Structures are given as structure tokens and as C-alpha cells.
Amino acid sequence: MNVQLTKNHKLFITLSLYALQGLSVSSLGVVWPDLRHTFGMPLEAVGTLITVSMVSHLLASFNNGRFLNRFSMGQMLFAGTLITTVGLWSMALAPTWLLLILASFISGWGAGILNPSLNTIAAEDKRPKLMHWLHAAFGIGASIGPLVITWLISMGFSWRTGYWLIGGIFAFTAVLFLATISQWQSTIKNAVAQSTNPKTAVTLRQALTRPIIWLSMLFFLLYTGMEVTVGQWSYSLFTEARNITPVQAGLWVSAFYGSMTAGRILWGWFNLTYASWKIHTSLLGVIIGAGLLWLNLGWTGEAAVVIIGLCASAVFPMMMSGTSRRVGEAFTTHTIGLQVAMASIGASIVPGLAGLVAGKWGLEVIGLFVLGTAVLLTFVHQWTEHAQTAPKKIAHTAKRAKKHAI
């Protein structure tokens with residue numbers, strides 16, 4: 001099979017695959033009631049599935065740079081879609097809870113390969129819009145997933161049908177990547193390979209010795225944790241602490257995700273490139289929104305989530321696309337994998353911490369928690385910028401001193 005892909009074909013495939021990732025992730029919440037009854041599991045057992053999937057996702061993401069040093073981008077995409085297919089179809093077939101957990105681990109591993117690989121493709125692209133649209137596509141997929149699964153279940157199909165369907169789409173993309181495997185190359189990897197000896201390629205251990213990379217990891221942990229905290233806790237805050245009707249609260253939460261997706265489409269349309277002042281401006285908007293969420297001044301207390309979503313929408317894509325600029329091309333593939341892994345950790349730890357704080361001081365503290373996280377995030381970003389520019393300033397000063405000495 002000889003399939004030739006144009007640049008626009010690759011753009012469409014990349015965005016569609018990331019949307020499919022979002023669709024897959026968001027489906028669990030809808031299938032869980034039927035799934036747990038199939039295996040006779042309690043409500044809280046969903047935490048086991050999520051944890052197992054997250055651990056495998058982290059392991060694969062942490063090793064993304066190592067994998068890309070050994071395999072081509074085409075091989076990574078083929079392997080990621082194939083493994084995800086096996087995991088999803090295994091979930092559809094699983095006769096026991098233990099085998100379902102194993103299938104969840106396999107599916108998470110496939111996602112852990114695809115997520116940083118797709119972000120690497122977007123980071124390498126000369127058009128900044130791709131990174132914004134990539135994450136907008138994930139949001140669109142995450143919105144469509146529950147609708148598709150709900151429709152299937154309402155039509156009388158089993159929850160297993162959903163996994164057969166999503167796995168089938170991943171299987172199709174796996175065949176597509178197999179047919180075009182040589183056409184997917186990492187430009188960063190090629191540039192590094194041409195300028196360095198393959199035997200001396202940067203290792204994960206070397207990457208972890210650089211403070212700038214640790215700061216980038218911390219940034220993504222805090223940012224994703226803050227974003228997920230707003231999404232997970234706003235509904236409870238509005239309904240239980242502010243006596244807003246469930247329908248209205250649901251609309252506000254949907255508006256939060258909608259504003260974030262719309263923002264990423266908008267910023268992509270304007271080809272918003274990475275710049276420190278743009279990150280600071282976006283975070284300032286998030287701080288204002290978080291302040292309004294905390295102060296709860298009339299309707300602005302709820303509309304604040306829309307402000308947060310719109311202002312935060314550009315942060316993740318811009319920071320991810322600016323990875324090479326911050327850490328250098330040689331460390332980019334490792335760093336992207338580490339950032340994706342830390343984002344997953346943040347999505348679990350930070351909302352959990354917010355829950356502990358809310359359990360002790362009440363749900364109204366959620367706004368203050370988000371505000372504090374946004375302020376801390378701003379300081380971490382400033383620290384990251386300082387760590388990036390400090391070596392250049394030292395080198396420039398040394399060069400001037402040497403020139404004057406001569």
C-alpha cells in the first residue's frame with residue numbers, strides 16, 4: 001500500500017488522533033455505572049482503573065525521549081495506536097475484573113506513547129496554531145465521547161460496544177500509520193542526530209540533571225492540577241455551597257470547558273506564538289478569574305470559571321510549543337515526555353489536595369485554593385524564565401570580560 005500524505009493530511013490525522021484520545025478518556029465516566037454492575041464492584045472502584053491507567057501512562061511518558069532515540073516517529077505512532085487498540089478491545093472482552101485492570105494498564109501505556117509523541121509533532125511544527133488546535137481537538141473529543149457512549153447505551157447496546165467502537169477507530173489509525181510509517185519523522189531528532197554522535201545522545205538521566213527541566217515539570221504539574229481542580233470542583237461548589245440548581249451549575253461547568261476549547265481554537269487561528277509576556281498576561285487573567293470565584297460577588301462568582309477557562313486556554317499549548325526554546329533541541333523529546341507525565345500527576349494530586357482543604361474549611365475555599373495555585377504558577381514561570389536566561393547572561397559577561405582582558 002503506497003499512501004502519500006500532504007502536510008494538511010498530517011495535520012488532520014494529528015488533530016483527529018488527539019481528539020480520539022479525548023473521546024477515549026471521557027468515556028469511562030459514562031460507562032462506569034453499567035461496567036461496575038457487570039463485575040459487581042463498588043462505586044469507588046473506578047479509582048483503581050484510573051490509577052492503573054495513570055501509572056502506565058506515566059511510565060510510558062517518562063520514557064518517551066528514550067523511545068524516540070531508538071525508534072522513528074512513525075514507529076512510535078503505529079505502536080501507540082496498536083497498543084491502545086489492544087487495550088480497548090481487551091477491556092471490551094474482559095471476563096473478570098482483574099483482566100479489565102490489566103487491559104486498562106495496556107490502554108494507558110498506549111496513550112502514554114501517543115500523548116507526548118503528538119505533542120512533539122506539534123512542538124516541531126513551524127505553525128504555532130497546531131499546538132493550540134491540538135489541545136482544542138482533545139477538548140472536542142472529550143465533549144463528544146460522553147454523547148456517543150450515552151447514545152449507544154440508550155439504544156440498548158452494552159458498555160462493551162463503546163470500547164469495541166473506539167478501539168476500532170484506533171485500529172484504523174494504526175493501519176494508516178503502518179502504511180505511512182516512513183513519512184512521519186521527528187525534525188528535532190534528525191537535527192540532533194546530525195549534530196551529535198548517536199552514541200552520545202542525551203539520556204533521561206542527563207535531562208533530569210537540568211534545573212530548567214525540573215521547573216518546566218513543576219509548571220505543568222501545577223497548571224494541569226489547577227485546570228482540573230476548576231473543572232472537578234466547580235459543580236460541587238456551586239450546588240452545595242452556593243445553592244445553585246444542578247442544571248445551572250452544569251451549564252457553568254460546561255461553559256468552563258467550552259471557553260477553554262474556544263480559546264484554543266481562537267489562539268490557533270491567530271497563530272499565537274510563545275512569549276514570556278503572553279504567559280504572564282494569561283496567568284494574570286486566571287488570577288483575576290480565580291479572585292472573582294473566591295469573592296463570589298453576585299453572578300461574577302459563577303462567570304469567573306469562563307474567565308479562567310478563556311485565559312488559561314493558551315497557557316498549556318504555548319508552554320509546550322516553547323519547550324525547545326527553553327531547554328534546547330537535544331533535550332526536547334525527553335522534556336516533552338516528562339512534562340506530559342507531570343501534567344498527569346498534577347491532574348490527580350492537586351484536585352485531591354483541594355478536596356482535602358475543602359473537607360476541612362468548606363467548599364468556598366476552592367476559589368482561594370485556585371487563586372493561590374495561579375499565583376504560585378506565575379512565580380514558577382518567572383523562575384523558569386530566570387533559569388533559562390541566567391546561563392546566557394553569565395556567558396555574555398564572561399565573553400565581555402575576556403574581550404577587555406585582551
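Among the residues making up the stretch 52-109, those that are surrounded by fewer than 24 Cβ atoms within 10 Å (Cβ to Cβ), polar (S, T, N, Q), in contact with a helix residue (DSSP H, G or I) (Cβ under 6 Å, 6 or more places away or on another chain) and modelled with pLDDT of 95 or more are Thr85, Ser90. Selection of the stretch 321-376 for residues being assigned to a loop (DSSP other than H, G, I, E, B) and small (Gly, Ala, Ser) yields Gly322, Gly328, Gly362.
The set of residues in the stretch 290-305 being crowded, with 20+ Cβ neighbours inside 10 Å and within 19 Å of Val228 (Cβ to Cβ) consists of Ala290, Leu293, Glu302, Ala304, Val305. Considering Ala122, Ala142, the condition of being farther than 15 Å from Gln339 by Cβ and hydrophobic (A, V, I, L, M, F, W, C) is satisfied by Ala142 alone.
Exactly one residue out of Ala79, Ala94, Ala45, Ala103 is within 21 Å of Ile349 (Cβ to Cβ) and either free of Cβ contacts under 8 Å to residues at least 60 places away in the same chain or among the hydroxyl-bearing types (Ser, Thr, Tyr) (or both), and it is Ala45.
In the condition set (1) surrounded by 20 or more Cβ atoms within 10 Å (Cβ to Cβ); (2) within 14 Å of Ile366 (Cβ to Cβ), Phe220 is compliant with all but (2). Can you name every residue in the stretch 15-51 that is charged (D, E, K, R) and surrounded by fewer than 16 Cβ atoms within 10 Å (Cβ to Cβ)? Asp34, Glu44 - these are the residues of the stretch 15-51 that are charged (D, E, K, R) and surrounded by fewer than 16 Cβ atoms within 10 Å (Cβ to Cβ).
Listed here are the residues, each with its yes/no results for (1) of a type in the set (Gly, Ala, Ser); (2) in contact with a helix residue (DSSP H, G or I) (Cβ under 9 Å, 6 or more places away or on another chain); (3) within 17 Å of His132 (Cβ to Cβ); (4) outside the structural domain of Trp252 (by TED's automatic domain parsing).
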{"residue": "Gly285", "(1), (2), (3), (4)": "yes, yes, yes, no"}
{"residue": "Asn296", "(1), (2), (3), (4)": "no, yes, no, no"}
{"residue": "Glu302", "(1), (2), (3), (4)": "no, yes, no, no"}
{"residue": "Leu310", "(1), (2), (3), (4)": "no, yes, yes, no"}
{"residue": "Ala314", "(1), (2), (3), (4)": "yes, yes, yes, no"}
{"residue": "Met318", "(1), (2), (3), (4)": "no, yes, yes, no"}
{"residue": "Ile349", "(1), (2), (3), (4)": "no, yes, no, no"}
{"residue": "Gly355", "(1), (2), (3), (4)": "yes, yes, no, no"}
{"residue": "Leu363", "(1), (2), (3), (4)": "no, yes, no, no"}
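Put simply, of His280, His334 the only residue that is in contact with a Gly (Cβ under 6 Å, 6 or more places away or on another chain) and not β-branched (Val, Ile, Thr) is His334. The set of residues in the stretch 242-300 being modelled with pLDDT under 85, under 27 Å from Phe379 (Cβ atoms) and in a loop (DSSP other than H, G, I, E, B) consists of Leu272, Thr273, Tyr274, Ala275. Touching a His at 6+ places or on another chain (Cβ under 7 Å), basic (Lys, Arg), at pLDDT 85 or above and crowded, with 17+ Cβ neighbours inside 10 Å - does that describe any residue in the stretch 201-214? No, every residue in the stretch 201-214 fails to be touching a His at 6+ places or on another chain (Cβ under 7 Å), basic (Lys, Arg), at pLDDT 85 or above and crowded, with 17+ Cβ neighbours inside 10 Å.
Among the residues that make up the stretch 38-49, is at least one of them assigned to a helix (DSSP H, G or I) and within 16 Å of the chain's Cα centre (by Cα)? The answer is no; no qualifying residue exists.
Considering the conditions (1) in a helix (DSSP H, G or I); (2) farther than 19 Å from Met319 by Cβ, Met226 is excluded by exactly one of them, (2). Residue count for the stretch 349-370, restricted to those that are more than 22 Å from Ile244 (Cα to Cα) and surrounded by 18 or more Cβ atoms within 10 Å (Cβ to Cβ): 1.
Within the stretch 61-71, the set of residues being in a helix (DSSP H, G or I) and in contact with a Leu (Cβ under 9 Å, 6 or more places away or on another chain) comprises Ser61, Phe62, Asn64, Gly65, Arg66.
The values are calculated or read from the model by the stated rules, or taken from the named source; none is laboratory data. Just so you know, these numbers come straight off a predicted model, no measurement behind them. A quick note on method: Cβ atoms are made from the backbone with ideal geometry, for glycine too, and the neighbour counts reach across all protein chains shown.
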